[in-house]
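**Student:** Please read through the structure below; I'll follow up with questions.
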Amino acid sequence: MVKDDHVRAPGRSSPTVRRTSPDRSARTTTSLLPGKGWWRAAVIYQVYVRSFSDSNGDGIGDLAGVRERLPYLKRLGVDGVWLNPFYVSPQHDHGYDIADHCAVDPVYGDLEDFARLVDGCRLLGLKLVVDTVPNHCSSWHPWFQQALAAAPGSHERARFHFADGRGETGELPPNNWRVMFGGPAWTRVVEADGNPGQWYLHMFTTEQPDFNWRNPAIAEEFERILRFWLDRGVDGFRIDVAAGLFKHPLLPDSADPEADERTRDSVNPLAWNQPEVHQVWRAWRAICEEYTARDGRDRLLVGEASVPTPAQQAEYVRPDELHQAFFFHLLHAPWDREHVQRVVDEAVRDIAATGSTVTWVLNNHDQVRTVSRFAGTDPVAGPARAAAAALLMLALPGAAYIYQGEELGLPEVTDLPDELITDPIFHRTGSRTGIRDGCRIPMPWSGGHAPFGFSPDDAPARPWLPQPEHFAAHTAERVLADTGSFWHLYREALQLRRTMPQFGADSIRWLDCGPDVLALTRGDGLVCAVNFGVGPVPAPVDGAPLIASGPCPPGVLPAATAAWWATTTS
């Protein structure tokens, strides 16, 4: 915390902290002392494998392509890589419908390619986190195919949620639950005799039947899956739908069935966030601790736990459960100082109090690109706000995840023709609202025309989603050459996180710098400020900043700009 007017910033000439009016609400928010886990303050880069780098020219990214690009990620300065699903799948939801959890889909390579990727990460000192999807599988999964062939009441069907329908002939679904992607959560099967029969539950698409986690066989199978990948050298797992798994045992009607149509987040309390789910994470944590005890390498469990409040999310990161859970409240926060300060306060208070650290995210493969999301009705404002938000996120205590292409300043692609859209949300609802293809366009690496180095120049196939021509302004080749680009902002911020002693502190303190400025101190000597207003304001520190998200003259903080200053008490 800054205590005096005059402070010295290393390498700069006597900047001063601007004295502000007393803020009676100012307070220090402190987490528990950091532990030894590498994950506590790690910055992980999310790779959507299908769209990252295509090594063989089939138009689809693959594991060999990821391995070839590891030096780029090392140069950026991240601590590790999270891979979206690359397992055997019919790709109805691009890998989140898994038919074999222990094999690589041929479109992405094979287990030898995976082994080479693990070796490449080890060589460069990068951690490797892989996705796991325990809530559901593909309708092509052998277990589900066995269930379809078996009779009602069989042990094959007991691995899933099969139930008789309602109505005179069972023609109505067993309950009124709705799917995250639109429509009823039940599909009726045709039995062996050719007649309509039972229904099965799927909280996403018809092709993604939910496992019945009240059946012990499911827990046993996923213990086998975890050990399979741990034995192959992974450093952790990102857990899809971590608040899912268990459903109310009686499968009753939802009191608000239309709620599931309003959002993809978890809203049906009968299908999500059931108390039994915490037993699973305790068991998985014990498996990770077992492997850590063998070789001293910490393994990570990070969950996609979409729950209404930070206090509920904190329940998932208690000392014997998940190490971390993505904090989506910052991702969903509007460009508003009060809102952002409130969600940061809640995260640090509720989540860090468990002994975990907050896991910050601004974007992922399911969300509108940050540049476009923050633009609102002003497309010019989007890049500046996205850069400022990134610098704020990286100043906060805890871990952070960066979605591929954010470091290039990629905008959302919104003009895909209907016939090229692959997202099941579109095909189930007929609406473009909430579709995710726009943030999954293949990465532009080099050149002035598609495929922009994503595929080899002589590739026989086009990228699986078309790249717009304006991606030429965002190629890695171009932004690396521009020291004022998003890429260099991320790289410099990551270097400072790694080298500045202030980032070892676990506390923040808010500074009162006016209604439009969110300013905080990290530990004793780092000041971060963001101007959410429409005009320049006095900076909280006189003197040039260490880093800023845009042009930032000494003593001034322009609109839609974030900056860091290093100070020490005199």
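**Student:** Of the conditions (1) of a type in the set (A, V, I, L, M, F, W, C); (2) farther than 19 Å from Gln146 by Cα; (3) buried (at least 17 other Cβ atoms within 10 Å of the Cβ); (4) assigned by TED's automatic domain parsing to the domain that holds Phe114, Phe228 fails just one. Which one is it?
**Tutor:** (3)
**Student:** With the requirement that a residue be under 26 Å from Phe222 (Cα atoms) and of a type in the set (A, V, I, L, M), what does the range 190-210 give you?
**Tutor:** Leu201, Met203
**Student:** Shifting gears a bit: On the given criteria, is Thr483 out of contact with any strand residue (DSSP E or B) (no Cβ under 8 Å at 6 or more places or on another chain) and surrounded by 20 or more Cβ atoms within 10 Å (Cβ to Cβ)?
**Tutor:** Answer is no for this residue.
**Student:** Being outside any loop (DSSP other than H, G, I, E, B), of a type outside the set (Ser, Thr, Tyr) and touching an Asp or Glu at 6+ places or on another chain (Cβ under 8 Å) is the filter here, so list the residues in the range 125-141 that pass it.
**Tutor:** Once the filter is applied, which keeps residues that are outside any loop (DSSP other than H, G, I, E, B), of a type outside the set (Ser, Thr, Tyr) and touching an Asp or Glu at 6+ places or on another chain (Cβ under 8 Å), the range 125-141 yields Lys127, Leu128, Val129, Asp131, His136.
**Student:** What is the number of the single condition among (1) assigned by TED's automatic domain parsing to the domain that holds His278; (2) free of Cβ contacts under 8 Å to residues at least 12 places away in the same chain; (3) outside any helix (DSSP H, G or I) that Ser154 does not meet?
**Tutor:** Result: Ser154 passes all but (1).
**Student:** Return a yes/no flag: does the range 371-385 have any residue that is touching a Gly at 6+ places or on another chain (Cβ under 8 Å) and β-branched (Val, Ile, Thr).
**Tutor:** Within the range 371-385, one or more residues are touching a Gly at 6+ places or on another chain (Cβ under 8 Å) and β-branched (Val, Ile, Thr).
**Student:** Ok, one more. What is the residue count in the range 491-509 for residues that are modelled with pLDDT under 90, in a helix (DSSP H, G or I) and within 23 Å of the chain's Cα centre (by Cα)?
**Tutor:** Going through the range 491-509 one residue at a time, the tally reaches 1.
**Student:** Which of the strands (runs of 3 or more DSSP E) contained wholly in the range 19-97 include at least 1 residues that are at pLDDT below 95?
**Tutor:** Strands (runs of 3 or more DSSP E) meeting the threshold: 28-30.
**Student:** Can you tell me which of Pro383, Pro411, Pro397 is closer than 20 Å to Leu480 by Cα, in the same structural domain as His332 (by TED's automatic domain parsing), part of a loop (DSSP other than H, G, I, E, B) and at pLDDT 85 or above?
**Tutor:** Pro411 is the lone residue from the list that is closer than 20 Å to Leu480 by Cα, in the same structural domain as His332 (by TED's automatic domain parsing), part of a loop (DSSP other than H, G, I, E, B) and at pLDDT 85 or above.
**Student:** May I pose another question? Before we move on, is Ala163 more than 30 Å from the chain's Cα centre (by Cα), among the hydrophobic types (A, V, I, L, M, F, W, C) and not assigned by TED's automatic domain parsing to the domain that holds Phe86?
**Tutor:** yes
**Student:** Where residues in the range 545-565 are in a loop (DSSP other than H, G, I, E, B) and either in contact with a His (Cβ under 7 Å, 6 or more places away or on another chain) or not hydrophobic (A, V, I, L, M, F, W, C) (or both), which of them is surrounded by the fewest Cβ atoms within 10 Å (Cβ to Cβ)?
**Tutor:** For the range 545-565, the residue satisfying everything is Pro551.
**Student:** Now a separate question. Residue check, Tyr291 against (1) assigned to a helix (DSSP H, G or I); (2) surrounded by 15 or more Cβ atoms within 10 Å (Cβ to Cβ); (3) modelled with pLDDT under 95; (4) out of contact with any Pro (no Cβ under 6 Å at 6 or more places or on another chain), all met but one. Which one?
**Tutor:** The number of the failed condition is (3).
**Student:** Within the range 467-474, is there a residue that is assigned to a loop (DSSP other than H, G, I, E, B) and touching a residue at least 12 places away in the same chain (Cβ under 8 Å)?
**Tutor:** Applying the first criterion (assigned to a loop (DSSP other than H, G, I, E, B)) to the range 467-474 yields 467-468.
Add one more test, that the residue is touching a residue at least 12 places away in the same chain (Cβ under 8 Å), and what stays is 467-468.
Yes, that holds for at least one residue.
**Student:** Could you identify the single residue in Asp378, Asp345 that is assigned to a helix (DSSP H, G or I) and either more than 23 Å from Gln46 (Cα to Cα) or among the polar types (S, T, N, Q) (or both)?
**Tutor:** Of Asp378, Asp345, the one residue that is assigned to a helix (DSSP H, G or I) and either more than 23 Å from Gln46 (Cα to Cα) or among the polar types (S, T, N, Q) (or both) is Asp345.
The values are calculated or read from the model by the stated rules, or taken from the named source; none is laboratory data. All of these numbers come straight from a predicted model, not from anything done at the bench. Counting neighbours? That spans all protein chains shown, and the Cβs are built from the backbone with ideal geometry, glycine included.
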